[in-house]
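As structure tokens, the structure follows; a few thoughts come after it.
Derivation of every value follows stated rules applied to the coordinates shown; laboratory data play no part. Fair warning: this is a prediction, and the values are worked out from it, not measured in the lab. When we count neighbours, we look across all protein chains shown, and the Cβ atoms used for this are built from the backbone with ideal geometry, even at glycine.
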Amino acid sequence: MKSFEEIINSGSEACPRSYVLALMDTLNVVSGKWKLPIIASLFRKNTRFKDLKDNVFKITPKMLSKELKELEINGIVNA
């Protein structure tokens, strides 16, 4: 399987460089153990910190706070 760098540098017409770069950026923003469960919980209208903590299985308050700050920095959520 080719790496992203190999795909970008191959000059393939099937997958433009801008698409690959956008995908890499997206994966960097939402990667990790907690971000997708947090985002999924937010889609269910859970906007209070305690509700998020209760709905995201086994996340600590410190980790939830850290992940929410990162999501806010990247423009995924707002305070």
Sorted by average packing, counted as other Cβ atoms within 10 angstrom per residue and highest first, what order do 50-58, 18-26 take? 50-58, 18-26
Mind running the shape call on segment 12-79? Use the C-alpha gyration tensor, a ≥ b ≥ c as the square roots of the eigenvalues: rounded below 1.5 for a/c, prolate if a/b tops b/c, oblate otherwise. prolate
